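Shown next, in structure tokens, is the structure this report addresses.
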Amino acid sequence: MLLAQAIQTMESVMQPLVKAGTASKYDPEFYGVKALTPKERDMFSDGSLCAPEGSILIVYPGSVPGKDIVVCTSADPAATGEALAKDVLASLKATIANTPELADLDTLAIPGNATSPLAAAALARTVANSVQKPVAAIVTGTGAADVLFETCSGGMLMAPAAGMLYNWDAVLETTMKRIPVANTMIANYVHDLTSSISEAATLFAILKDRMLEQTSRGLSLRPAGERKLKMVVSHSKGNWGVLCALLDFELNVVERVAAPAAARSDPKVHIVTFGNWVSLPNLKPIMADLFHYHQFMGTHDKIGGMGSSYGYARLALAGKVVGSDQGVDHQANPDEALYFKCSHGVDPAKAHGVDPAKADHLPIEEILRKIK
């Protein structure tokens, strides 16, 4: 409870001081901001688009001109956590219901630390261009103005928590299997943690909505072909939000719902992380039936290396270093690789570039095209 409260405090204490549309100088360093049109970029810089942390932006591929970015958020400016997630989900469902071409919206994007809504839109455009369909991006911050407490909450709180989950995974797994009280305590704690991180709360709400259904036998997992969720793509600190939401789903959902045989087959939901490696949930065997994990880092990723040194070492010691996407088996689960000479960014232009010596970003478009 203490960690959850600390994160929630650090994430929200300065929020009233941050103006809507705050531009972030860090966004272009890691994301393909230039893939957005001038009109789209202006929406963020002039403050006309207000999307607090936990809100959703629906972004179309660049090949579909004339489609504005759609914002799904809460009418309550003070809403956070589960309350915000409930409102955002309702707004998303209403938008989809009123927009026929969004009926097949099944892909999410979640950017990382110190990003503004502009970065969320940029990452969503990159993903949308890769899968050639609209993408819903979950906003994770308000930009350079909140870089201090975003970095503190990530580096000082979430990174150690993720590291603990990795280092003590076997112990925690044994404890939860043998001591029911410990199982309940840890499950409750994980839910508190998810609720304290707005992007994680929104993702958790979407997971439940897209993967569960009400039947005559009660709440049940949807059959594989009806889950309405195909891929979740996250980057950097956003990976920790994904970890929290998936842990919450594993510990507080899958144990309490019926799982028909059809739910334990392909297609799985692809969970794709770039940058910080996290120990994604695998305590319950059904998680491997529901989700396909893909995690990628770069050998020259200083930020990811500091935030998840255990993951970097794990991939390096396992010899999972590749020079390009050609040597990666994306059918493996988990699908992991350390890309040679790549850094922390996921801007497609910087993954190639005019000057090969400066092409150091992860090849996100090639990876996603093969996974989809």
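Bear in mind that the values in this text are calculations on the coordinates, not laboratory data. For clarity, every value in this text was computed on a predicted model and none was experimentally measured. No Cβ is skipped: glycine too gets one built from the backbone with ideal geometry, and neighbour counts run over all protein chains shown.
At 0.36 nm per residue, minus the direct Cα-Cα distance, what do ASP68 and GLN326 gain on full extension? Give it in nm, one decimal, please. Before the final figure, lay out each step's value.
Working: separation 258, 0.36 × 258 = 92.88 nm, distance 3.51 nm.
Here the answer is 89.4 nm.
Near ALA136: Cβ cut-off under 14 Å, other residues only, Lys/Arg at +1 and Asp/Glu at -1. The net charge is +2.
I want the local charge near THR37. Using Cβ-Cβ distances under 14 Å, sum +1 for each Lys or Arg and -1 for each Asp or Glu among the other residues.
Numbers: positive: LYS34, LYS39, ARG41, LYS67, ARG125; negative: GLU40, ASP42, ASP68.
Overall, the nearby charge balance is +2.
Amide H contacts under 5 Å for ASN276: SER236, restricted to partners 5 or more places along the chain or on a different chain, H placed in the peptide plane at 1.01 Å from N. For segment 90-106, putting each phi into the Karplus relation 6.51 cos²θ - 1.76 cosθ + 1.60 with θ = phi - 60° gives couplings of 4, 5, 4, 5, 5, 4, 5, 4, 9, 10, x, 6, 9, 4, 9, 4, 9 Hz, in residue order, rounded to whole numbers and with x for Gly and Pro. The simple spin-label model puts a point 7 Å past each Cα toward its Cβ; for ASN188 and LYS370 those points are separated by 4.6 nm. Extension gain for ALA313-ASP104 works out to 71.4 nm (0.36 nm per residue, less the C-alpha to C-alpha distance). Loop-resident trypsin sites (Lys or Arg not before Pro) (DSSP state other than H, G, I, E or B) in segment 204-258 with no more than 12 further Cβ atoms inside 10 Å of their Cβ: ARG217.
Between MET306 and GLU29, what's the calculated FRET efficiency when r is the beta-carbon distance and R0 is 25 Å? Round to 0.05. Could you put the intermediate results ahead of the total?
Details: r = 16 Å, r/R0 = 0.64.
The computed FRET efficiency comes out at 0.95.
Taking amide hydrogens as placed 1.01 Å from N in the peptide plane, the amide H of VAL322 sits under 5 Å from those of LEU338, TYR339, PHE340, each at least 5 positions away in sequence or on another chain.
In this simple spin-label model, placing a label point 7 Å from the Cα along the Cα-to-Cβ direction at both GLN214 and LYS358 gives a separation of 5.6 nm. Of the chymotrypsin sites (Phe, Trp or Tyr not before Pro) found in segment 303-372, no site is in coil according to DSSP while having at most 10 other Cβ atoms within 10 Å of its Cβ.
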